[in-house]
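Remarks on the structure that follows.
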Amino acid sequence: MEKTFKEFYSGKKVLVTGHTGFKGSWLSIWLKELGADVLGFSLPPPTEPNHFSLSHLQDKVQHVLGDIRDFKHVCEVYSAYQPQIIFHLAAQPIVRDSYEIPRETLETNIQGSVNILEAARLTPSVKAIIMITSDKCYENREQVWGYKEDDPMGGNDPYSASKGAAEIVIRSYIRSFFSHKEDIGVVSVRAGNVIGGGDWAKDRIVVDSIKALGDNKPIQVRNPMAIRPWQHVLEPLSGYLWLGARLKEDPKRFSGGWNFGPADSAAKCVSDLVKALIEEWKSGEWVDLSDKNDHKLHEAGWLRLSCDKAHFMLPWSAAMTFEENISFTVKWYKHFYEHNQSNLYQYSAHQIREYTALALQRGQMWAQ
């Protein structure tokens, strides 16, 4: 690799779908800091408050409101902007919402993915496509070992089913339309249980915990024994960016599915996560509501990814410990509460630089 993504993204025309969301806004800030020409295409921010508005991203990137289910609009954006690199994050991302709006979830996550890929197929400027799905794309068998990239896709709930179906669509497009092209690479990337400052989505334990701590109320926990591999949002984003850069080097080798997750030591039950948040916040308490769930929706008790492919082929691995994930997250929200919700672009960019320095210290190739 001649250069890391520090140089690779500078001056590149990058389209980010879902840039108004949690992960999309962090990715857009990182790309902007790397010198990329960023165009965001998305619905309005899904929550209030939200990281996108607090960071004033609408003033820093090209900002287009639109729905990925609208194929005509997607094609118009591609035609006008002629992107070189696409990061597709736009989705209906909430499992519990998928029970309330299954049709919208399936249309957005499946047909939306088709539209992004089809428009890219028709746009010669596109050279790299990074499709962000979810760890819930796998058929979850509650196994203790991690799911590998070639394990079966599936899903009990509509959200998981939509992500598994999207993965099949992506694989089909790679094999049918992109595999014979020498100058374009397509990947699907999977990560789950991402935490970090700026997330206000409902039914997420860290978000609910921070709201409770900020209001001096007990944290209500509905599934304290569920184990998840927690990781800060910057961890998988570093993998996505690194993979996007490496696609340019060798599209055929790097195209396909990729998992990005933390070290095994970061897999903690929800009760441990909540206790760590309280300790970092320096105050608070939590209550167990697991017996008060009158209407229980399906929720996996254990889900872990094998990241051996990323470790050995990119190479990439998570840089932070579980405790550092918590620290980065709580510090962002503390800054939000203590600085009167001021422009948070600079503080988010500061955390990106701090994380990059930590990754460099721990030998991550992308941070060199």
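Go through PRO83, PRO102 for me and flag whichever is closer than 25 Å to ARG204 by Cβ and not acidic (Asp, Glu).
PRO102
Going through LYS127, LYS148, LYS181, LYS202 one at a time, which residue ends up being basic (Lys, Arg) and more than 29 Å from LEU314 (Cα to Cα)?
One residue alone meets the criteria, LYS202.
Being under 26 Å from LYS211 (Cβ atoms), surrounded by 17 or more Cβ atoms within 10 Å (Cβ to Cβ) and aliphatic (A, V, I, L, M): is that true of ILE85 here?
The answer is no for ILE85.
Count, please, the residues in the range 326-336 that happen to be over 13 Å from ILE352 (Cα atoms) and among the polar types (S, T, N, Q).
Total satisfying the criteria: 1.
Please state which one of ARG175, ARG141, ARG204 is within 26 Å of SER53 (Cα to Cα) and surrounded by fewer than 23 Cβ atoms within 10 Å (Cβ to Cβ).
Residue meeting the stated conditions: ARG204.
Go through the range 77-105 and report how many residues are within 27 Å of GLY185 (Cβ to Cβ) and of a type outside the set (Phe, Trp, Tyr).
Qualifying residue count, the range 77-105: 14.
Among (1) at pLDDT 95 or above; (2) over 14 Å from the mean Cα position of the chain (by Cα), which single condition is ASP215 missing?
ASP215 satisfies every listed condition except (1).
Condition first: touching a residue at least 60 places away in the same chain (Cβ under 8 Å) and surrounded by 17 or more Cβ atoms within 10 Å (Cβ to Cβ). Now tell me which residues in the range 144-162 satisfy that.
Those that are touching a residue at least 60 places away in the same chain (Cβ under 8 Å) and surrounded by 17 or more Cβ atoms within 10 Å (Cβ to Cβ): GLY146, TYR147, GLU149, ASP157, PRO158, TYR159, SER160, SER162.
Among what's in the range 207-216 and is of a type in the set (A, V, I, L, M) and closer than 15 Å to ASN50 by Cα, pick the residue that is surrounded by the fewest Cβ atoms within 10 Å (Cβ to Cβ).
Filtering first and then ranking leaves VAL207.
Residues that are closer than 28 Å to ARG96 by Cα and modelled with pLDDT of 95 or more: which strands (runs of 3 or more DSSP E) entirely in the range 244-341 hold 3 or more of them?
Filter on the range 244-341 gives 256-259.
How many residues does the range 127-181 hold that are within 20 Å of TYR240 (Cα to Cα), aliphatic (A, V, I, L, M) and part of a helix (DSSP H, G or I)?
Residues that pass the stated criteria total 5.
Can you name the residue in the range 353-365 that is of a type outside the set (Lys, Arg) and surrounded by fewer than 19 Cβ atoms within 10 Å (Cβ to Cβ) and, of all such residues, is farthest from THR321 (Cα to Cα)?
Filtering first and then ranking leaves MET365.
If a residue has to be more than 19 Å from the chain's Cα centre (by Cα) and in a helix (DSSP H, G or I) to count, how many in the range 355-366 make the cut? Spell out the reasoning first.
Of all residues in the range 355-366, those more than 19 Å from the chain's Cα centre (by Cα) come to 357-358, 360-365.
This time we only want the ones that are in a helix (DSSP H, G or I), so: 357-358, 360-361, 365.
Number of matching residues: 5.
Among the candidates ALA267, ALA263, ALA276, ALA245, single out the residue that is small (Gly, Ala, Ser) and closer than 15 Å to LYS309 by Cα.
Details: ALA267 fails: closer than 15 Å to LYS309 by Cα; ALA276 fails: closer than 15 Å to LYS309 by Cα; ALA245 fails: closer than 15 Å to LYS309 by Cα.
Checking each option against the conditions leaves just ALA263.
Restricting to the range 126-166, name every residue that is hydroxyl-bearing (Ser, Thr, Tyr) and more than 20 Å from HIS88 (Cα to Cα).
The answer is TYR147, and nothing else.
The values are calculated or read from the model by the stated rules, or taken from the named source; none is laboratory data. Just so it is clear, the structure is predicted and the values come from calculations on it, not from any experiment. Glycine gets a Cβ as well: all are built from the backbone with ideal geometry, and neighbour counts include every protein chain shown.
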